[in-house]
Each structure stands twice: as structure tokens, then as C-alpha cells.
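A short write-up of the structure that comes next.
The values are calculated or read from the model by the stated rules, or taken from the named source; none is laboratory data. Just so we're clear, the structure is a prediction, and the values are computed from it rather than from any experiment. Note: ideal-geometry Cβ built from the backbone for every residue, glycine included; neighbour counts use all protein chains shown. Surface areas here come from the heavy atoms of the whole protein model, side chains and all, with no ligands, DNA or RNA. Shrake-Rupley method; radii C 1.70, N 1.55, O 1.52, S 1.80 Å.
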Amino acid sequence: MKVLVVGGGSGGHITPAVAVIRELMELKPRTRVEFWTDRKYYKNVVKITTEIGVSWGSSVQETSKRNPYIRVRKIWAGKFHRYAGWTWKDYFINFGTTLKDLVWGNITGFVGFVAGLVQSFGRLLLPGKRPDVIFLKGGFVGLPVGLVAQLFKIPYIVHESDAVPGLANRLLMKHAAVITAGWSELRGVTDYVQVGIPVAPEFKQVSVMQQKTLKKVFGFDPERPLVVVTGGSQGSLNIDNAIKEILPEMLKFTSVGLVAGRKHYEDMVELKKYEEWDKAKLQSNFRMWEFNSAMHELMGAADVVVSRAGATTIAELAALGKAVVLVPFERLPGGHQVKNAERLQDKGAVVMVTDERMQQQPGILLEEMRHLMRSPKERAVLAEKLHAEAKPDAAKSLAKMILQIGEEGVPAKIEQVGEDEKPE
């Protein structure tokens, strides 16, 4: 059987797709899988899949872990840039800065989209080259592939991680064999199956002793509380700037680990003055990374995590069972990060501080962390409620669904979300 997996555009689409591939290979090792991703994330995908022993392709070096049933390929794709909450006045006000990027970004995005359509058509034109089923892990990278799949009547599964579907998924859902969702509520959609958000198996709860050991691994005092701050692999300049302002006060009551992000690390390099070493041993209560490949261990060491509200990151934190302060970015299309955070805040599972509020008053973020460090019981309640949202079998459920449709075709009746879980 042949399975095509498509994902890219952000790490939040890559890691769930890799988790599903892992389960596919566990359930049916001889399944032939192709993973199509955009050029920006191609090297990341090759690295990740090689590390788990499933990478194969013409440009991938031979390794002892190579799996001949898996291939990673680049696919052209284009993103259409939009800003949530903008009126026509906002576009004119920002004409000299953001609008230029917006217009040029959408021109190049359209070209990439058309190129992706042509490339997908060429790859899927011959019946012998077509997969039995396609898994589209959301985002703009999957849109041209899904549209061509409709033309050739290849069944595909769409997975939406956020509470609000993005534009690409909304277009693809109309002809999907199955729509799957990360949360019990998928706004604007009724016929879907909640499976959760796939995460790597490394994201799991740690004991108190394991947490102390992990703190020592990263150089921190195991007896001192630790706040880990991350804006994702690329980073968040707004979060970084807020931490820069409040860091001296934070270090009075907690250790701090900051993942500044590849995009903004150089802007934060002055914070290295707080990172003191003596003979390869950390002498201060602060460390900063551009990127940390062992995020499951770093966040596992944390007592509190400050993060953006991307769905995959939330799922990873839920699996770890951590007290979390979410800082959603309001300007993303559909405001999906805000809705992700609000949903969990309403359940008492996270603390939310919006990006705009944090920029205006960074001290609010400081006070939230100070309060949590003084309230271990409240941290425990937050961690317990967030962990209750975890779906550890999400990747396996999706893998089984993919194999079933690939082998048996589209089911006559698609399982629905339970009545008590349907959105109002």
C-alpha cells in the first residue's frame, strides 16, 4: 500500500506528521510512505526522520537507519498572508511597512501555489504513481496536493489541530474522506472525528526526581524552581523583549531558561551577560538557547512554561502535564491562537496573557509567574487539568484510519463526535 503524507510551513505541522509516520511503520512496516514538505522545512524533515530511522530519498545520505519504504520530497507551496482584525484603514496606515511585505508575500505565495499545483499534477498523473490514500496535516503546503487529489479522486484525510480551521483546510474539508480534529470543538464544522493532536512519544510526564535530574542536566539548581520560555523554533520577538525587561526581577525568585528562537537570537544576545559559567558549570540561574533539540527534556524540567498558543505546542505541554502561561498572538488569521488559549483558560487548564497586553505591560507576565511560583497547589491543578486534555493515542488512531481507508476505501459512514462533545 502507498501512503502520501503532506505537511510543512511550521514545526507544528511537521512533528505531528512524523508521529503518524512512526505509527504507520509500527502497524504495517512495509507500507510505502512519501512525505512531501516545503523547501524551508525539507532539511528539518530529513534530519528528524533520519533520527528515527525512516528517511530515504535521492538527496539523503546512506545511513544504517535508512528505511527503504520511506521517501522525503520537496513540494512547492505558497502562503497567502492575512492579518486578523485588520480593517481597510489598517492596511493604509501600515502601507510603508507591513503592507509591502503583505503584497509581495501574496504575489510570491500565489506563484508558489501554482507551482505546487503543477508539481502535484505531474507526480500524481500516472495511476501507477498514485498513493492509495493521502494524509494532509493542515496548512498551505497541503492545499495544491489536496486539490489535485480531488481531480484524480484519491481519498485524503485532513487533520486540523486548532479550534478554528485555517483557510487551506476549510477549502480541503469539502471533499475530504474524513475530517479529523485535535479538539472536541471545531468551529464551523459538524462532520468530524476528534482524535487529538499527535505528538512524539518523548513528550510524557516525568516524576519529581526525574524533573530534578533534568534540571541538573541543563545546569540549573535542582532545588530551585524553573521557568522555561519559548516562542517556538523561530522564536517570538515580543515574548523575548518582555523577558528582557522583566528578567532581573524573575531571577530573584526562579531560574529561567529562554529559547530565543533562530530568527531573534541575535537580537537577544545581550542577555548572555546573565549567563555565567565557570569551568563548564553554570554559575547563574539563567540560560539562553537559539534552539533546543531536546524540548521534551527542557520543558520536562520546568515548573512553569511560558509559550505561544500553537496547537501542537499545547498538545506537547498537555502530554507533559505542565503548568502553562499561554501568550497567544492575536494577529494570526482567524485568531486561532487566542481561541486555543481561551478554550483552555475557560477550563481552568492554563493562564492566558494576550500578546498585546504583555507588550503594553510586561509586568503582568512577571506577576503571573511570581504568583504561580508562590502557589504550588495552583500549579498542580493547572498541570492536572491540562494533562486531562492530552490524547496519547492520537497518532495511532490516525495511522489506523489511514491504513483502513488505504486498504478498504472510504467508509460508508464516518464516525461522528459524541453528542456531549459537539460544539454548540
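Just to verify a result, which residue in segment 144-171, among those that are of a type in the set (A, V, I, L, M), farther than 17 Å from G109 by Cβ and within 21 Å of the chain's Cα centre (by Cα), is surrounded by the most Cβ atoms within 10 Å (Cβ to Cβ)? Selected residue: V158. Against the criterion of being open to solvent by 10 Å² or more (accessible area, probe 1.4 Å) and under 15 Å from the mean Cα position of the chain (by Cα), A341 does not qualify. Would you check if A323 is of a type in the set (G, A, S) and at pLDDT 95 or above? Spelling it out, A323 is indeed of a type in the set (G, A, S) and at pLDDT 95 or above.
Segment 158-263 holds helices (runs of 4 or more DSSP H) entirely within its bounds, and those carrying 3 or more residues that are modelled with pLDDT under 95 and under 22 Å from H336 (Cβ atoms) map to 167-173. Looking at L125, is it at pLDDT 95 or above, surrounded by 18 or more Cβ atoms within 10 Å (Cβ to Cβ) and closer than 30 Å to I405 by Cα? So L125 fails the test. Taking the conditions (1) more than 18 Å from T313 (Cβ to Cβ); (2) under 23 Å from the mean Cα position of the chain (by Cα); (3) at pLDDT 95 or above in turn, E356 satisfies each one other than (3).
For segment 238-261, the tally of residues that are more than 18 Å from R224 (Cβ to Cβ) and among the β-branched types (V, I, T) stands at 2. Quick check on segment 249-259. Is at least one of its residues touching a residue at least 60 places away in the same chain (Cβ under 8 Å), over 19 Å from G363 (Cβ atoms) and surrounded by fewer than 19 Cβ atoms within 10 Å (Cβ to Cβ)? The answer is no, given that none of the residues of segment 249-259 is touching a residue at least 60 places away in the same chain (Cβ under 8 Å), over 19 Å from G363 (Cβ atoms) and surrounded by fewer than 19 Cβ atoms within 10 Å (Cβ to Cβ). Answer yes or no as to whether V193 is touching a helix residue (DSSP H, G or I) at 6+ places or on another chain (Cβ under 6 Å) and not small (G, A, S). Judged against the criteria, V193 is not a match.
Restricting K385, K396, K347 to residues that are open to solvent by 70 Å² or more (accessible area, probe 1.4 Å), under 30 Å from V3 (Cα atoms) and modelled with pLDDT of 95 or more narrows the list to K396. Is one or more of the residues making up segment 217-226 under 18 Å from the mean Cα position of the chain (by Cα) and either open to solvent by 30 Å² or more (accessible area, probe 1.4 Å) or closer than 29 Å to V20 by Cβ (or both)? For segment 217-226, residues under 18 Å from the mean Cα position of the chain (by Cα) and either open to solvent by 30 Å² or more (accessible area, probe 1.4 Å) or closer than 29 Å to V20 by Cβ (or both): absent.
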